[in-house]
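Written below as structure tokens is the structure these notes are about.
The values are calculated or read from the model by the stated rules, or taken from the named source; none is laboratory data. Since the model is a prediction, treat every value here as computed from it, not as a measurement. All Cβ positions, glycine included, derive from the backbone under ideal geometry; neighbour counts span all protein chains shown. These accessible areas exclude ligands, DNA and RNA; they are computed on the full protein's heavy atoms, side chains included. Shrake-Rupley method; radii C 1.70, N 1.55, O 1.52, S 1.80 Å.
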Amino acid sequence: MAISAQLIKELREKTGAGMMDCKKVLVETDGDIDKAIDLLREKGLASAEKKASRIASEGLVASYIHSGRIGVLVEVNSETDFVAKTDEFKEFVKDIAMQVAASNPEYLCEEDVPQEAIDKEKEVLIQQAINEGKPQNIAEKMVEGRMHKFYERVCLLDQPFIKDPSITVNDLLKNKIAKIGENIKIRRFVRYEVGEGLEKREEDFAAEVAKQMGQ
């Protein structure tokens, strides 16, 4: 069944969920808007984006040290100090810190990626496609799809969540907003690694962290 833009808009207005999320559940429910609303609620996506404009100036700064070799500081904001003190919020912040330790993102979201970094990546991907024998015009079209992998690698919110790779960190964030009932923002992070920038043997730190998290 073809899903109209009007139907997607209607579901978005009713739930506050993202356009792509709305389209996805409408496809899954064959355009039944009531079932789509229920499905969004089950997934914890409904109303999450409605809260996104609310001020979140409380929260926590948390640290995570892995084997004395990787250190992470993260700041995650909530609307109230009450929520920031709950075990659920603290666990979420710790999960984000461990995600940064394991996956080493460079940016929080796609909007933070400098244009010159995007342009450079596109040039590399176009050249790769040309080397595969694709014409220039086809190579340029292929790049847009392949950029998803780039963002997944460098943007925290686009990365598969290390405890459950079937969802992204952004999905996890939306689910937590829906469950807690407050706006939550991952504001910033910094990651340090012993010997960073120096020549050293390669190690799979992501696997180490995942193992420590019981995966």
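Among the residues of the stretch 168-198, which ones are part of a strand (DSSP E or B) and among the hydrophobic types (A, V, I, L, M, F, W, C)?
Taking the stretch 168-198 first, the residues part of a strand (DSSP E or B) are 168, 184-193.
Correct list: Ile184, Ile186, Phe189, Val190.
Of the conditions (1) exposed (fewer than 13 other Cβ atoms within 10 Å of the Cβ); (2) among the basic types (Lys, Arg); (3) assigned to a loop (DSSP other than H, G, I, E, B), Lys149 satisfies every one except a single condition; which number is it?
(3)
Name the single residue that is surrounded by the most Cβ atoms within 10 Å (Cβ to Cβ) among those in the stretch 10-41 being more than 21 Å from the chain's Cα centre (by Cα), touching a residue at least 12 places away in the same chain (Cβ under 8 Å) and assigned to a helix (DSSP H, G or I).
Here the answer is Ala36.
Which is closer than 27 Å to Gly195 by Cβ and free of Cβ contacts under 8 Å to residues at least 40 places away in the same chain, of Lys149, Lys90, Lys120, Lys85? Spell out how you get there, then give the answer.
Numbers: Lys149 fails: closer than 27 Å to Gly195 by Cβ; Lys90 fails: closer than 27 Å to Gly195 by Cβ; Lys85 fails: closer than 27 Å to Gly195 by Cβ.
Answer to the selection: Lys120.
Gly71 is checked against (1) more than 17 Å from the chain's Cα centre (by Cα); (2) open to solvent by 30 Å² or more (accessible area, probe 1.4 Å); (3) not hydroxyl-bearing (Ser, Thr, Tyr) and fails just one. What number does that condition carry?
(2)
Is it fair to say Val100 is modelled with pLDDT of 90 or more, open to solvent by less than 30 Å² (accessible area, probe 1.4 Å) and closer than 18 Å to Leu156 by Cβ?
Yes.
Return the total of residues in the stretch 167-190 being at pLDDT 90 or above and open to solvent by 30 Å² or more (accessible area, probe 1.4 Å).
9
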